[in-house]
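The values are calculated or read from the model by the stated rules, or taken from the named source; none is laboratory data. Note that this is a predicted model, so its numbers are computed, not measured. Virtual Cβ from ideal backbone geometry, glycine too; neighbours counted across all protein chains shown.
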């Protein structure tokens, strides 16, 4: 159990570090990945 | 070549063709297997496709809807029936917080290709908890697409597209149009999501409708034709994404607009369409946009008064006359 907990903790810490080191998203990304295709159109309407 | 078939048969054919075509498509919901669905849409499917692809669920909407979300994320293509749209209240977390959000929250790493079918609507004496029209709930949630076909042809073509779509699609199906008949081609076809259809061309006024109200709108147009009024009927077919171009082009032609919805008027999708018409074609309007919609009441059980809760063809006639006055 301790080994699993340590692995999970390490994975979380690695992900958190990656997030902290990553740039903030660009404003235009707000419309990304709401839908798969014809994304802009579905978001707009 | 085409055949005459009912809306329900056309939708059944869509399920059948897609399940034969793609082994990842499966059906899940209450009474979908042994009974073949309350509306008979999956009769014989259990025998043909087996219990792994035609799954009878317990009465547990949130449980099986959310299971379907997980299946979709893992690569399957579930078709889930919520027996009555009223019961989406029990599984809105699965629909609005899970299915609609996972693509966005995973940065596009996961997709949720599932269809959530929701028979709804009043007129069968099914009373307050089995008669609502709740498409506005679905249309309000980014991440969901919403279809509301009115004819057998559209039902089949849109359902096949919805099953193949990589986003969650909610299918709004009025219970009283499953038995209506129309032509359906024998050969395969798809209808793209987000494309309205002008069911009747006219120059004096536009009626915008979806689902059963399209049938009432066409009745109203026929009646008014005898009085020399030429009505255009725009069947949205898809609510999200909305085909605003077709709507605006019709408004520019007729200058008078009625939007017919069965749902209660307050907060309904007709209000959204009216707002978009104001944004895009205000200068072309010769009269205010008229909503012909359900009363802001609970659907009564009594047939004596249920009929007053939602609009019919005569209400649309009256609405058209009002905007043309």
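At-a-glance table
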quantity	calculated
Whichever residue in the stretch B:85-104 is in contact (Cβ under 8 Å) with a residue 60 or more places away in the chain and either surrounded by fewer than 20 Cβ atoms within 10 Å (Cβ to Cβ) or under 13 Å from residue B:115 (Cβ atoms) (or both) and, among such residues, is nearest to the chain's Cα centre (by Cα)	B:95
Inter-residue pairs, beta-carbon under 6 Å, first within 14 Å of chain B (Cβ to nearest Cβ) and in the stretch A:17-33, second surrounded by 10 or more Cβ atoms within 10 Å (Cβ to Cβ) and not in a helix (DSSP H, G or I), 6+ apart	A:33/B:108
Of all residues in the stretch B:119-151 being surrounded by 24 or more Cβ atoms within 10 Å (Cβ to Cβ) and free of Cβ contacts under 8 Å to residues at least 60 places away in the same chain, the one that is nearest to residue B:312 (Cα to Cα)	B:120
Subset of the stretch B:164-176 that is surrounded by 24 or more Cβ atoms within 10 Å (Cβ to Cβ) and more than 14 Å from residue B:135 (Cβ to Cβ) - its residue that is farthest from the other protein chains (Cβ to nearest Cβ)	B:168
Pick from the stretch B:61-76, criterion out of contact with any strand residue (DSSP E or B) (no Cβ under 6 Å at 6 or more places or on another chain) and in a helix (DSSP H, G or I), ranking: surrounded by the most Cβ atoms within 10 Å (Cβ to Cβ)	B:69
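So that you can scan it fast, the table gives a plain yes or no per residue for (1) touching a helix residue (DSSP H, G or I) at 6+ places or on another chain (Cβ under 7 Å); (2) part of a loop (DSSP other than H, G, I, E, B); (3) within 14 Å of chain A (Cβ to nearest Cβ); (4) within 20 Å of residue B:12 (Cβ to Cβ):
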| residue | (1), (2), (3), (4) |
| --- | --- |
| B:86 | no, no, no, no |
| B:110 | yes, yes, yes, no |
| B:113 | yes, yes, yes, no |
| B:119 | yes, no, no, yes |
| B:130 | yes, yes, no, no |
| B:141 | yes, yes, yes, no |
| B:159 | yes, no, no, yes |
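For (1) under 17 Å from residue B:220 (Cβ atoms); (2) within 14 Å of another protein chain (Cβ to nearest Cβ); (3) in contact with a helix residue (DSSP H, G or I) (Cβ under 7 Å, 6 or more places away or on another chain); (4) at pLDDT below 95, each residue gets a yes or a no:
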position: B:246; (1), (2), (3), (4): no, yes, no, no
position: B:251; (1), (2), (3), (4): no, no, yes, no
position: B:260; (1), (2), (3), (4): yes, no, yes, no
position: B:265; (1), (2), (3), (4): no, no, no, no
position: B:278; (1), (2), (3), (4): no, no, no, no
position: B:283; (1), (2), (3), (4): no, no, no, no
position: B:312; (1), (2), (3), (4): yes, no, yes, no
position: B:316; (1), (2), (3), (4): yes, no, yes, no
